[in-house]
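Worksheet: the structure to be examined is printed underneath.
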Amino acid sequence: MNQSLSGVALWNGSRFDGIRRLEWNTAGADGTITAITSEPGTSPEPGASPVDSGQGSGLGSATAPAEFSVIPGLIDTHVHLVGNAAATPADFLTWPLTTRPEEQTLHALAHSLEAMRGGVTTVRDLAADDIQFSLRRAVDAGVVTGPRLIAHGVVNMTAGHSDLFIPPAFPLRKPVADGPDACRALVRHWARAGTDGIKIPVSGGVLSVGDKSAWRNYTRAEIAAIVDEAHAFGMLVAAHAHTEAGIQIALDEGIDSIEHGTLMTAEQAAAIASTRVTVAPTLLINERIAAGENGVSAEQSAKAQELVVNRNRLMRDAADLGVDFVLGTDANGHHVKFGDQMEEVRLMAALFGWTAERALQAATSRAAAAIGRSSSVGTLETGRPADFLVMRGTPWQNIDDLHTGNIVAVVSRGRVVAGVLPRS
Ligand SMILES: [Zn+2]
């Protein structure tokens, strides 16, 4: 079946494209954009349109502004789908220990749907196991509706950040690996299970219990083995790092993205800006934990406060130096909700001093590149997946327009998954 939208202001993932007619099909599991054409009677030149991107004057045009805008569906490069999705709050640390995996899968699905309603059509889960791999296969097969899911298995040491979410005496533990050979074996375990990539903590964390964010996680030799093994499978490696030392070792050993990057120095920022490494700054979650919101412990809050005290200055400098920050929230449904992504983008724009367009790129085309999907998602062109948002306002001109209250419809794989398409 073919569908279309006429007279919409199209922002294609990089820039304003003009007032356009968009056509797409919904055949099969994956709907594709079949045509993007200029509208008769409207100017095809972005500069001549009243919803001008800033590159042209926009003055003197007699064309009426488009009522609706279309932008690519957002991409969150760092989420955790598994967590309590019920309206009744649950304890963040004990819920995963007292809830069966089968039931956790349903909560992950609920979080996926919340993400889509909030305008996010692709998510990358950075603590995946069979739950996320199963959900991804079911979504891709069209069995259930959900955002595109990219799932990374975690390779972590004993007493590492990911290991310390589970109390020491609890018997049902996630796998850990110590020593280069064991690290390689765990990468292979995930590859067999169907992972898309690998995540490694290279420093301690905030929500983990009993560690310090400054703790080293893994030796250089272990990190080198993990990166080498993952890259041999063609997989990207995302490195959780808060500290200068952690960021440095991750960069030296060739990881593909820094998660958090909280205390990166100006020297490191300049080095990162000269590579393809991206950084997901996870701003909201650290703000909220530092503020003691959502029932966090005194330990968690103190750790976040210690990190955020210098973070804003360091990250603003890093943005000025050209670091490729992309949308990555660490959303887990508890501290950051699925649906808070647009708020994170607005916060990124404010903190980094970005134009609205640069912020929107961080949540679309640049985020797609960060997760190795730039040839499919994050950009709206003929032949690409029909993953897009119909919105009120022009968020590439005014980032405050990027608000869930402005979402008219969310289209994923060609199908309307939230809201209603305007009549065209
Ligand atoms: Zn995370």
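The values are calculated or read from the model by the stated rules, or taken from the named source; none is laboratory data. Computed from a prediction, not measured in an experiment: that's the story for all the values here. Note that each Cβ is placed from the backbone with ideal geometry, even for glycine, and that neighbours are counted across all protein chains shown.
Just one of the listed residues (89, 96, 72) is in contact (Cβ under 8 Å) with a residue 60 or more places away in the chain and within 16 Å of the ligand (Cβ to nearest atom), namely 96. Criterion applied to 135, 149 was being crowded, with 19+ Cβ neighbours inside 10 Å, more than 14 Å from the ligand (Cβ to nearest atom), more than 20 Å from residue 257 (Cβ to Cβ) and modelled with pLDDT of 95 or more, and the one residue passing it is 135.
Going residue by residue through the stretch 273-288, is there one that turns out to be away from the ligand (no atom under 16 Å from the Cβ) and not in a loop (DSSP other than H, G, I, E, B)? Taking every residue of the stretch 273-288 in turn, at least one turns out to be away from the ligand (no atom under 16 Å from the Cβ) and not in a loop (DSSP other than H, G, I, E, B). Given the condition within 14 Å of the chain's Cα centre (by Cα) and either surrounded by fewer than 16 Cβ atoms within 10 Å (Cβ to Cβ) or within 16 Å of the ligand (Cβ to nearest atom) (or both), answer yes or no: does some residue in the stretch 152-170 qualify? Scanning the stretch 152-170 turns up at least one residue that is within 14 Å of the chain's Cα centre (by Cα) and either surrounded by fewer than 16 Cβ atoms within 10 Å (Cβ to Cβ) or within 16 Å of the ligand (Cβ to nearest atom) (or both). The set of residues from the stretch 278-298 being exposed (fewer than 15 other Cβ atoms within 10 Å of the Cβ) and not polar (S, T, N, Q) comprises 291, 293, 295, 298. Against the definition (closer than 15 Å to residue 197 by Cα and either surrounded by fewer than 24 Cβ atoms within 10 Å (Cβ to Cβ) or within 13 Å of the ligand (Cβ to nearest atom) (or both)), how does residue 270 come out, yes or no? So residue 270 fails the test.
Candidates are the residues of the stretch 171-196 that are out of contact with any Gly (no Cβ under 8 Å at 6 or more places or on another chain) and within 16 Å of the ligand (Cβ to nearest atom); the one that is farthest from residue 289 (Cα to Cα) is 196.
Residues that are assigned to a loop (DSSP other than H, G, I, E, B), without any contact (Cβ under 8 Å) to a residue 12 or more places away in the chain and among the small types (Gly, Ala, Ser) are absent from the stretch 173-196 altogether. In the set 299, 267, only one residue is assigned to a helix (DSSP H, G or I) and at pLDDT below 95; that residue is 299. Taken over the stretch 239-260, the criterion of being more than 15 Å from the ligand (Cβ to nearest atom) and either in contact with an Asp or Glu (Cβ under 6 Å, 6 or more places away or on another chain) or at positive phi (or both) is satisfied by 254 alone.
For the stretch 329-355, a residue qualifies if it is away from the ligand (no atom under 13 Å from the Cβ) and in a loop (DSSP other than H, G, I, E, B), and the qualifying residues are 337, 338, 339, 340, 353, 354, 355. Of all the residues in the stretch 224-248, those that are in a helix (DSSP H, G or I) and touching a helix residue (DSSP H, G or I) at 6+ places or on another chain (Cβ under 6 Å) number 5. The number of residues in the stretch 349-395 that are among the β-branched types (Val, Ile, Thr), within 18 Å of the chain's Cα centre (by Cα) and under 22 Å from residue 407 (Cβ atoms) comes to 3.
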